[in-house]
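Let me begin by presenting the structure, written as structure tokens, before commenting on it.
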Amino acid sequence: MPPFDAFLSDIRKAARLSDHSAPTVTGVGALPSAYAVTDLAAASFAAAGQAIADLIAARHDTAPAVDVDRRLASFWYKSSLRPDGWDLPAQWDAVAGDYATKDGWIRLHTNAPHHRKAALSVLSVPDSSKTERADVAKAVAEWNAAELEDAVVAAGGCAGELRSSAAWAAHPQGKAVASEPLLYHEAFSGPSPANWAINHARPLGGIRVLDLTRVLAGPTATRFLAGYGADVLRIDPPTDLWVEALAEEMTLGKRSAVLDLRKEADRQRLQELIAEADVMVHGYRGDALEGLGLGASVRRSLNPGLVDVALCAYGWTGPWAGRRGFDSIVQMSSGIAETGMRHYGKDKPTPLPVQALDYATGFIVAAAAVSGLAERIRSGDGSHFRTSLARTAVLLESQKKSADEPEFAPETKADLAPDIEETHWGPARRLASAVTIAGVPVSWDIPAGPIGTAKPVWSHL
């Protein structure tokens, strides 16, 4: 089975989607990679589109056809916004990146101030605006990779040692995540079947989506839902706890409010939002919501019909189930960056050309969320899904890249949607949608903007 077909079949089964006729696939070429990244990108878009088609069929009996453009899907996996007359901010902290250790390589993820502080404190490097990468590199070179990884994580930071695929397969966490399903699913008896209209023009119109995620996988999922009409309310912590990143990508179509969950009143407001939501997407580590008094049983009691979708970095079982992680770190841990290094004959880690684990996981989450909404229509049942970046890495590893695929031709204006988006930072254009659902347009009512500009209430209440 070709990689695209295999990926789509696996995602569709995991998300509990109906059998569909094969989508029409257009676009010639592939991203340069040792892996079938373009096939995964196209399949993840197609699965999310087929989930929307399933939802329409749950109300109207007939599912519209779904087409996917593998070229545009691949481009969306990198970035979607093209500024007109202004520049995007830097995506990475100056210290973040790969460093040589005594015995290999490690990646430090320092975009969040507390992660940067943790890494530099372990390395005894002063944390200031004048911190030089050369000083960090010198300090890292005195460590063994595994020992430094453990020390940074223990200090509350985020780091990943470069491992081979074989080493990861033998690692206790690698074994644990390989045994997990792509999407864990559990159904709960809910209220009576939902009576949403599910109009073709905006199939998710009136659906309330609570977004408790930062970057990139969770916001990718909720951005997709917003494109089909969902009322997405993103809840962020105060800025003393994190730094806004990639807002130009991650806030499209959403309202953003701030709640400080250290405060009882704000935790109460979040409970009220959960009770009123149709979908909740969250990326908190396994025990974090429990610690806030918002564990799974509480969420279910607040809202029996809730479609509850959770994602994490390293999986939900095994010794690293609660470990912090990001796409680039999981690529180091799971063998992807080491495979790329060997494939291209490089002398340093060579990750995927895009953050494919994040984006693929995002579209898998979107498919699961919409699948849960279709079940609400059919039976009224609520549902819980969960997945992880590391499990998506297992999916990517499961298929070999087709040989001799040419690289894509450079992007042109024909790849962009026609409308100008008046973002908070200036005018821009987006890539055209990579997935087409017959008779179902995709558009975002709210341009990208900064966090914390909305009140923590549903727009139609």
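Annotation for Trp92 and Lys263: the two label points, set 7 Å from Cα along the Cα-Cβ direction, are 3.7 nm apart. Distance cut-off 27 Å, Cα to Cα: go down the list Lys130/Lys455; Lys175/Lys263; Lys117/Lys263; Lys254/Lys401; Lys78/Lys413 and report the pairs above it. Checking Cα-Cα distances, Lys130/Lys455; Lys175/Lys263; Lys254/Lys401 exceed 27 Å. Relative to the longest principal axis of the Cα atoms of the chain, the long axis of helix 264-276 makes an angle of roughly 50 degrees. Summary of packing: across the peptides 120-130, 55-65, the per-residue average of other C-beta atoms within 10 Å ranks them, highest first, as 55-65, 120-130. Surface composition of the chain: carbon plus sulfur atoms hold 52% of the accessible area, using a 1.4 angstrom probe and ignoring ligands, DNA and RNA.
Cα centroid separation, the range 21-83 to the range 271-322: 28 Å.
Simple point charges give the picture: +1 on the Cβ of Lys and Arg, -1 on the Cβ of Asp and Glu, and for the chain a dipole about the Cα centre of about 400 debye. Each of [x] 27.4; [y] 21.0; [z] 22.8 is a candidate for mean projected area of the Cα convex hull in nm²; the one calculated from this structure is [y]. On the beta carbon distance between Asn195 and Thr62, with R0 = 25 Å, the FRET formula returns roughly 0.85.
In a DSSP loop and with at most 12 other Cβ atoms within 10 Å, the chymotrypsin sites (Phe, Trp or Tyr not before Pro) in the range 28-137 are Trp86, Trp92. Looking at the range 231-331, the trypsin sites (Lys or Arg not before Pro) that sit in a DSSP loop and have at most 13 other Cβ atoms within 10 Å of their own Cβ are Arg262, Lys263.
The angle separating the long axis of helix 356-378 from the principal Cα axis of greatest extent in the chain is about 20 degrees. Just so you know, the averaged projected area of the alpha carbon convex hull for the range 377-461 sits at 11.4 nm².
Taken over the alpha carbons of the range 334-383 as equal point scatterers, the Debye sum produces base-10 log I(q)/I(0) values at 0.14, 0.25, 0.30 Å⁻¹ of -0.53, -0.87, -1.00.
The angle between the Cα long axis of helix 217-227 and the longest principal axis of the Cα atoms of the chain comes to about 30 degrees, rounded to the nearest 10.
Probing with 1.4 Å while keeping every protein chain in the model, the per residue accessible area of the chain equals 40 Å².
For the range 363-394 versus the range 180-251, the inter-centroid distance based on Cα atoms is 11 Å.
Gyration tensor over the Cα atoms of the range 281-415: the corresponding equivalent ellipsoid has semi-axes (square roots of 5 times the eigenvalues, largest first) of 34, 20, 12 Å. The GluC sites (Glu not before Pro) of the range 224-318 that DSSP puts in a loop, and whose beta carbon has at most 16 other beta carbons within 10 Å, are Glu244.
The modelled label-to-label distance between Arg133 and Ile377, using points 7 Å beyond Cα along the C-beta direction, is 5.0 nm. Projecting the Cα positions of Val209, Ala73, Pro410 onto the charge dipole of the chain (unit charges on Cβ atoms of Lys, Arg, Asp and Glu, taken about the Cα centre) puts Val209 furthest along the positive direction. For the chain, the mean residue ellipticity at 222 nm estimated from helices alone is -11000 deg cm²/dmol, where every DSSP H run of n ≥ 4 contributes -39500 (n - 2.57) and the total is divided by all residues, rounded to the nearest 500.
The values are calculated or read from the model by the stated rules, or taken from the named source; none is laboratory data. For clarity, every value in this text was computed on a predicted model and none was experimentally measured. All Cβ positions, even for glycine, are placed from backbone atoms using ideal geometry, and neighbour counts span all protein chains on display. These accessible areas exclude ligands, DNA and RNA; they are computed on the full protein's heavy atoms, side chains included. Shrake-Rupley method; radii C 1.70, N 1.55, O 1.52, S 1.80 Å.
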